[in-house]
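Notes to accompany the following structure.
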Amino acid sequence: MLKYLLLLLVIFLPGLSLAAPGLEALTVTTGANGEQNWSVTIQALVLMTVITLLPSMLLMMTSFTRIIIVLAIVRQATGLMQAPPAQVLVGLGLFLTMFIMAPVFDRMYNDGFKPYLDDQIKIDVALKRASIPLHEFMLAQTREKDLTMFSEIAKKGPYQTPADVPFTVLIPAFVTSELKTAFTIGFLIFIPFLIIDLVVASVLMSMGMMMLSPLIVSMPFKLMLFVLVDGWSMIMGTLAASYYI
């Protein structure tokens, strides 16, 4: 986990890595009367600014978007609006994201970050090598239609090879494709639970029990179906396998 965080810092802080040697983040100036003035340099300001963007980069450039949307749809489909809690879903999504992205992060670390730490390559070469696995992963999950749309909006392309697609075009196309895929998976998951709701509602109406909420009656049946088919394992396995097909 620690090497992944360090890797993200190297990838998304190229300006800091290329800063002039000896540039101090915090400078102390002594005045004529002996008082000291503390000032933060531009480097430290950039560092703090980019660190605040790292969570968004981690969530939008990995499999987290698809996972958390599908898990939220599953919770809504079962009718349990508060179980599992949002904190559990986010934690589950983060750890499943780390599981899915582990091969990509390992390649980024071994190809770019580790040689740089060993003083075998320069920082610009390390950044280029480290970005290749992430670029390939995102491109493999991006629909060509979405990529073409954002390329036309940005007035860039056509590209000779997939490696020529810049991250400025790839990231929004990737996020759009992930949203489409997540809602497609969520729709397929929602259908069996919707059928149970319709059947229960029809039975209650035929019995004249229109004052009784169908959701209250259908919830135990939906939970029973979800448990019998081992729903959590099926969903988690499907999400993980969807990135390796």
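Numbers below:
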read-out	value
Whichever residue in the stretch 50-71 is part of a helix (DSSP H, G or I) and hydroxyl-bearing (S, T, Y) and, among such residues, is surrounded by the most Cβ atoms within 10 Å (Cβ to Cβ)	T65
Restricting the stretch 82-91 to residues that are modelled with pLDDT of 85 or more and open to solvent by less than 50 Å² (accessible area, probe 1.4 Å), the residue that is nearest to I189 (Cα to Cα)	L89
Qualifying positions in the stretch 168-219 - open to solvent by 80 Å² or more (accessible area, probe 1.4 Å) and more than 29 Å from I68 (Cβ to Cβ)	V199, M205, S206, M207, M210, M211
Residues located in the stretch 105-118, provided they are open to solvent by 20 Å² or more (accessible area, probe 1.4 Å) and either among the hydrophobic types (A, V, I, L, M, F, W, C) or within 15 Å of the chain's Cα centre (by Cα) (or both)	L117
Answer residue from the stretch 72-81, given it is within 21 Å of S213 (Cα to Cα) and among the small types (G, A, S) and is surrounded by the most Cβ atoms within 10 Å (Cβ to Cβ) among those	A77
Residues being part of a helix (DSSP H, G or I), free of Cβ contacts under 8 Å to residues at least 60 places away in the same chain, aliphatic (A, V, I, L, M) and more than 21 Å from S242 (Cβ to Cβ) - total across the stretch 107-142	3
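The values are calculated or read from the model by the stated rules, or taken from the named source; none is laboratory data. Only a predicted model underlies this, so the values are computations on that prediction, with no experimental measurement involved. Glycine gets a Cβ as well: all are built from the backbone with ideal geometry, and neighbour counts include every protein chain shown. When the accessible area is computed, the model is the full protein with side chains, heavy atoms only, and any ligands, DNA or RNA have been set aside. Shrake-Rupley method; radii C 1.70, N 1.55, O 1.52, S 1.80 Å.
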